[in-house]
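Take a look at the structure below.
The values are calculated or read from the model by the stated rules, or taken from the named source; none is laboratory data. Since the model is a prediction, treat every value here as computed from it, not as a measurement. Here the Cβ is made from the backbone with ideal geometry for all residues, glycine too, and neighbour counts use every protein chain on show.
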Amino acid sequence: MNALQSLGGWTLDSVQRWGRAAVFLGQILLNIPSVIVRFRLAVVQVFSVGVLTLIIILVSGLFVGMVLGLQGYNTLVDFGAESSLGLVVALSLTRELGPVLTALLFAGRAGSALTAEIGLMKATEQLAAMEMMAVDPVSRVIAPRFVAGFLSMPLLAALFTAIGIWGGHLVGVGVLGVDSGQYWTAMQNGVDVYDDVLNGVIKSVVFGFVVTWIAVFEGHDATPTSEGVSRATTRTVVNASLAVLGLDFVLTSLMFD
Amino acid sequence: MKRSVIELWVGLFVVAGLVALGVLAFKVGNLSGTDIRDTYAVTAHFDNIGGLSAKAPVTLAGVRIGRVSGIKIDSDNYRAVVELSIDRKYDNLPLDTSASILTQGLLGAQYVGVEPGADEEYLKNGSQIEITQSAIVLEQMLGQFLFGQAQGDK
């Protein structure tokens, strides 16, 4: 009986959370015009969400590209196909690794920061104080952060992919001796702008939307205590990563059949 | 940090991101380069197209002049109909041009090679290439070879 009751309670809780998240998203989207009017608010957030995430994105992208170059070369050289190295590196990065790894890093670096910041604002009653002054916290605090995350993700993913391809070139051409012309030609013949590059960008836009949504919602929905904020931060990283991986499977099966 | 510094960084970030997107589109995806837009379509009938697929290159003397835009079956004579989109720059291919399905290297991807004939008239949109050579299917060739060996042993 007790187990049944707790199952019911859990179900009601999660349905309520989904409902709150959806309503919250609706409020954010309604407030996007006010962000466009005061775009400087979003610019400051692009700094903390995008620019401060740059370093980890660039370093990870470089190393992922270098590892792809190394592993791809070791496999391809057995078939005498090392001239396709550029294609292997570019396709893996534009289609999958670029958007997905960027989104995971973005959730860890920027998403957790967003949740902690908003959660602390709630815990220290700054959001309540804003409401007292008739300032809508959603339009003043949440929506600019949402827009910033949504705008930053595709740019970060593009930078990750570009520097990864360069990293693959660095290892493949510089160290392992693949011909530079073959590296680029194989890539240019095999990568399609719409099928591969554009679909990767669409993926990164979707991931940016979902990760930022989860991050600001968890922050806004956090229990206003130190423990509540820390839990909310953890939930952001876990849920956003799971959402990215799950959505990636769905998007891949829709895009590349 | 001062507001102007923050804005400068954001500006740099946006420019760098857009440049990366541009690199992906033009350098990696080759948006500008060999993508052929202005084309005319001709068809060619083959007995067997092997592993030819849509978007495979069409080459003349090794130079890419177009791509395979569609593959279907002619249900009247059960032959494969391959539609080739050829760049309008190369609109002086003679009417008796031949097309054959070739393989890049021994195991590479398949493509269509065209060999110009000597006719006075040129191929135009909708014409059909009459002289074709099908793909060489490695298994069939091996089969024939082994069969021939076995016959010879008797």
**OP:** Would you mention how many residues in region A:200-255 are in contact with a Ser or Thr (Cβ under 9 Å, 6 or more places away or on another chain) and polar (S, T, N, Q)?
**Re:** 5
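Does B:Ala41 count as more than 8 Å from chain A (Cβ to nearest Cβ), in contact (Cβ under 8 Å) with a residue 40 or more places away in the chain, over 30 Å from A:Ala148 (Cβ atoms) and in contact with a Phe, Trp or Tyr (Cβ under 6 Å, 6 or more places away or on another chain)?
Details: more than 8 Å from chain A (Cβ to nearest Cβ): yes; in contact (Cβ under 8 Å) with a residue 40 or more places away in the chain: yes; over 30 Å from A:Ala148 (Cβ atoms): yes; in contact with a Phe, Trp or Tyr (Cβ under 6 Å, 6 or more places away or on another chain): no.
No; evaluated as a whole, the condition is false for this residue.
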Original post:
Only one of (1) assigned to a helix (DSSP H, G or I); (2) out of contact with any Asp or Glu (no Cβ under 6 Å at 6 or more places or on another chain) is not met by A:Val100, so which one is it?
Top reply: (2)
Original post:
In region A:40-56, which residue that is under 14 Å from the mean Cα position of the chain (by Cα) and not hydrophobic (A, V, I, L, M, F, W, C) is nearest to the other protein chains (Cβ to nearest Cβ)?
Top reply: A:Gly50
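State yes or no: is A:Val135 over 30 Å from A:Val77 (Cβ atoms) and surrounded by fewer than 24 Cβ atoms within 10 Å (Cβ to Cβ)? Reasoning before the result, please.
Details: over 30 Å from A:Val77 (Cβ atoms): yes; surrounded by fewer than 24 Cβ atoms within 10 Å (Cβ to Cβ): yes.
Criteria met by A:Val135.
Of everything in region A:158-200 that's outside any helix (DSSP H, G or I) and under 13 Å from A:Thr94 (Cα atoms), which residue is nearest to the other protein chains (Cβ to nearest Cβ)?
A:Val191
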Subject >> Condition met for A:Met130 (touching a Pro at 6+ places or on another chain (Cβ under 7 Å) and either at pLDDT 90 or above or within 14 Å of chain B (Cβ to nearest Cβ) (or both)) >> reply: yes
